[in-house]
1. Of (1) in contact with a strand residue (DSSP E or B) (Cβ under 9 Å, 6 or more places away or on another chain); (2) of a type in the set (D, E, K, R); (3) under 28 Å from Val311 (Cα atoms), Asp246 satisfies all except one. Which?
2. Any residue that is of a type in the set (Lys, Arg), surrounded by fewer than 17 Cβ atoms within 10 Å (Cβ to Cβ) and closer than 22 Å to Val449 by Cβ - is there at least one of those in the range 272-285?
3. Out of (1) within 24 Å of Thr155 (Cβ to Cβ); (2) within 18 Å of the chain's Cα centre (by Cα), what's the single condition that is false for Gly325?
4. Just to be sure, is Ser209 in contact with a helix residue (DSSP H, G or I) (Cβ under 7 Å, 6 or more places away or on another chain) and surrounded by fewer than 17 Cβ atoms within 10 Å (Cβ to Cβ)?
5. Check Thr92 against each of (1) within 19 Å of Gly364 (Cα to Cα); (2) modelled with pLDDT of 50 or more and name the one condition it does not meet.
6. Of all residues in the range 82-129, which are of a type in the set (Val, Ile, Thr) and over 24 Å from Ser159 (Cα atoms)?
7. Checking the structure you have, find out if any residue of the range 351-372 is surrounded by 18 or more Cβ atoms within 10 Å (Cβ to Cβ), of a type in the set (Asp, Glu), touching a Ser or Thr at 6+ places or on another chain (Cβ under 8 Å) and not assigned by TED's automatic domain parsing to the domain that holds Phe53.
8. Pick from Ile425, Ile389, Ile393: which is modelled with pLDDT of 95 or more and within 17 Å of Ser228 (Cβ to Cβ)?
Amino acid sequence: MRPVTTGNDVGHSRRDILRFGGMAAAAGLLPGIAACSGNGSNQGATSDVALEFMYWGSSFEKTAIEKMLQEFEAKHAGSQVQAVHVPGDYLTKVNTLVAANRLPDVAYMDAPTAYRLAEQGKVKNIYKYIKKYPQLSGRAPENFFWYGDKETCGTPAASEITLLWYNKEIISEADLDLPPAEAGRAWTWDTLVETADRLTFDQAGKRPSESGFDRGRVRQFGVSAPLSSQWTWYPLVRSNGGDIVDETGKKYTLNSPECVEVFQNLQDLIHEHRVAPSPAQLGGGEGTNAPTTTVQLQTKRVAMAIDGQWVLLDMAQSDVDFGIGVLPSYQEPITMQAASCRVLSANTRHPEEAIELYVFSVDGENSDLFQQGLWMPVETKYYDDAASIDSWIKNPAHPPEYKTAAVDYRINNSVRDYSQLLRNIPAINEVLTPAIQQIETGKLPARQVLDALQDKMEPLLQGWYPTPSSL
């Protein structure tokens, strides 16, 4: 199996956009299709150098990005940046601009699209800039998106990991131990199930393990663990010693006993143990109208939820007495980390100014979204010592257990999302996603679905993208 990220080898976004291997709809951050229009306060002005910066994100992210771009302009006389906020169908917008040869100078990009555009010559290989800028050279090789020898289409500005969120009030009222905040004390899967059973009630107050429990009228679920999200299943699969493919990236392995066990356990949470909601129980149909994790915990619809670190931004601004813990562990404690790629247009009319904007935009010192809780830093300097870590987590947004439950967990126990490293992900996801959704319905056992998936997956496998051992 591919190795766990250790030391300071930290590598984001939100669930689907960060599915960043399918990266389509960032956990509610991409509500609808929007036109490509500047949203920065600097619109209408004139300058010697006009640049464009395109990005997705919530209103919080939009505010932070506009502030960052204003600071760039203040420090780079003669340069003006138009902020192009696309809160809707980002990939469609990208494809339209690429076809018109109008890709913005600097832009957010999901990993598969970044690789594709790099291989088509649409975005620049930034390798030659790494040693020139400490904001780039101060990163581990794993913090770049490599598509060949000395070829990288970009690096993230920030990244994310998977965590276990919970409502402290619910768990305290049940007189249960809080989920552990240290990897070395991670729950076993059985402990998660037992705890979730104690925290699940129907309208009559009965638990799933009690006679007469009405699964059609559940008042509170013990845990939300969306099986269709790789933020849930991939770290658990890796924790159990499995992976989607082998070391070569060309042999399908998702039907190994280790992988089957994880998927069956997730299916059983919903359909056998009845402690987790199905998508329909959360949001009707396929769960497309499901409330956010913050709302689920706030309304006590669920007591615990597996979701990304980015939830902290909304959680910290809510009135929920929340906490975070590490995921349950199988053979070893593992979380998944992922990030979007920041790309530089190959056709920019202002290459010198564009690379300055690029570097400024990925510099952790130029955004307050780390302190607010939306992002985790990428540069290794932010994980070097206590003072460096405190510079972004010692504030009201981050709970006391954040250091061990998130920072240490990421440094010592994280693996990169397979969709950021595996070639041909768009085609792979076309067959993988519906198969996993089928497991989530509970109509077929996990092994049957995963075995049947092999013949569809194997012809699509083209290997892993390379990651050098050093810069």
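1. (3)
2. No: zero hits.
3. (1)
4. Yes: the conditions hold for Ser209.
5. In the conditions (1) within 19 Å of Gly364 (Cα to Cα); (2) modelled with pLDDT of 50 or more, Thr92 misses (1) alone.
6. Filtering the range 82-129 for residues of a type in the set (Val, Ile, Thr) gives 84, 86, 92, 94, 96, 98, 106, 113, 123, 126.
Matches in the range 82-129: Thr96, Val98.
7. no
8. Numbers: Ile389 fails: within 17 Å of Ser228 (Cβ to Cβ); Ile393 fails: within 17 Å of Ser228 (Cβ to Cβ).
Checking each option against the conditions leaves just Ile425.
The values are calculated or read from the model by the stated rules, or taken from the named source; none is laboratory data. In this text the structure is predicted, and so the values were computed from the model without any measurement. Virtual Cβ from ideal backbone geometry, glycine too; neighbours counted across all protein chains shown.
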